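The values are calculated or read from the model by the stated rules, or taken from the named source; none is laboratory data. These numbers were taken from a predicted model, which means no experiment stands behind them. FYI the Cβ positions are ideal-geometry reconstructions off the backbone, even for glycines, and counts take in every protein chain you see. Ligands, DNA and RNA are stripped out before the accessible areas are found, and what is left, the full protein with its side chains, is counted by its heavy atoms. Shrake-Rupley method; radii C 1.70, N 1.55, O 1.52, S 1.80 Å.
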Amino acid sequence: MKSKNIILAALLTALPSAMTAQENIQKAFDTLRESKHQKEVSARYNVEKNPDTGQLEGMSDVYEFAIPNPQNKSLITAIEKAFRQDEHKAYSINTGTNGGQSNWTALAVGNSDKGGVAIGLMEGSQYIYACFLDPDDNERSHRYAYALEWVENDGTIKGKIVKTYATTQKFREGKTQMKTIMVNGNKIKVNGQDFSFGNDFPFGENFTFSTDSTGFKFQNRPEVWLSQFNSFKNLFLKNPDGVTADNYATQIYKLCKNVKFLDEREKDMIIAELEKLKKKTKDEFIQQLFDMSIERLKK
């Protein structure tokens, strides 16, 4: 297992763009992976490339670890120091404390604004993440993001280091992505920030509702919520172990944080679907997201 980590770390460090602006962070990540003072809890690596050009389009590398002896916290402080050393090269850097279900964010993967790799979800954790433009992208539309999250409990340090590649938030916000979903046989056009109904919908074609990152604000209609859930479920099932799986699982969890207007039969139906989704993936983090979603539905 250790040799696999070393090989993977070597492959990642071989990428020229990964070593330009954030060299100290990458080296500190590699040092933690290779250290005998920590043990791997889980590792997930996914990459997406343009099939025609071979150009990198999306990537996520998530390494969860445990440090049994708190005397080896130097592995954590070394990464914190590396973030400070590379900070002047980042276009965005953020820190947080007291992580948990009400205080977390997500690092985008690829060209998607749906979820991402969760940072700050561990209860009581501390975290830091930074974003760096890809120096090989002349259009300045792609970035690398690096993150560290950790928490100390009962003398053990648990955490994860994360690296993702995606389009920048500015690029995603500036690019309208029109989609269409069905609600009770009617088409709804969605562009990521708002949605409008078709001609045959009771409100008329020009009636528009605003949305945010957690989904439609018009969520007090169960049929809209159920349609959203079904869309994310089907997208997840297309590749439950792929680079976008985290994104869709996170979006489903966000939906399940607001289910007070669903009736008991609808909740039972969603719980049954979540149990099926959980069996489709071996990713422990995604399984935990589905477990938390089920807990929300049972409240």
Those residues of the stretch 51-80 which are surrounded by 14 or more Cβ atoms within 10 Å (Cβ to Cβ), touching a strand residue (DSSP E or B) at 6+ places or on another chain (Cβ under 9 Å), more than 22 Å from Ala108 (Cα to Cα) and of a type outside the set (S, T, N, Q), in sequence order: Ile67, Lys73, Leu75, Ile76
Over the stretch 32-50, the set of residues surrounded by 16 or more Cβ atoms within 10 Å (Cβ to Cβ) and not in a strand (DSSP E or B) is Leu32, Arg33, Ser35, Gln38
Looking at this structure, is Thr250 modelled with pLDDT of 70 or more, among the polar types (S, T, N, Q) and surrounded by 15 or more Cβ atoms within 10 Å (Cβ to Cβ)? yes
Do we find that Leu262 is of a type in the set (A, V, I, L, M, F, W, C), in a helix (DSSP H, G or I) and farther than 25 Å from Glu40 by Cα in this structure? no
Applying the selection to the stretch 236-247, what residues are over 12 Å from Ser60 (Cβ atoms) and either of a type in the set (S, T, N, Q) or crowded, with 17+ Cβ neighbours inside 10 Å (or both)? Phe236, Asn239, Pro240
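Find the residue count for the stretch 253-267, including only residues that are surrounded by 13 or more Cβ atoms within 10 Å (Cβ to Cβ) and either among the aliphatic types (A, V, I, L, M) or without any contact (Cβ under 8 Å) to a residue 24 or more places away in the chain (or both). Working first, answer last.
First pass over the stretch 253-267, keeping only residues surrounded by 13 or more Cβ atoms within 10 Å (Cβ to Cβ): 253-259, 262, 266-267.
Adding the requirement that they be either among the aliphatic types (A, V, I, L, M) or without any contact (Cβ under 8 Å) to a residue 24 or more places away in the chain (or both) leaves 255, 259, 262.
Count: 3.
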Taking the stretch 281-293, which residues are surrounded by fewer than 17 Cβ atoms within 10 Å (Cβ to Cβ) and without any contact (Cβ under 8 Å) to a residue 60 or more places away in the chain? Lys282, Gln287, Gln288, Asp291
Is it the case, given these coordinates, that Gly115 is at pLDDT below 90 and crowded, with 23+ Cβ neighbours inside 10 Å? yes
Would a scan of the stretch 201-222 turn up a residue that is at pLDDT below 50, more than 22 Å from Ala118 (Cβ to Cβ) and small (Gly, Ala, Ser)? yes
A careful count of residues in the stretch 88-109 that are surrounded by 14 or more Cβ atoms within 10 Å (Cβ to Cβ) and without any contact (Cβ under 8 Å) to a residue 60 or more places away in the chain gives 8
Among the strands (runs of 3 or more DSSP E) confined wholly to the stretch 122-176, which include 2 or more residues that are touching an Asp or Glu at 6+ places or on another chain (Cβ under 6 Å), open to solvent by 80 Å² or more (accessible area, probe 1.4 Å) and of a type in the set (Gly, Ala, Ser)? none
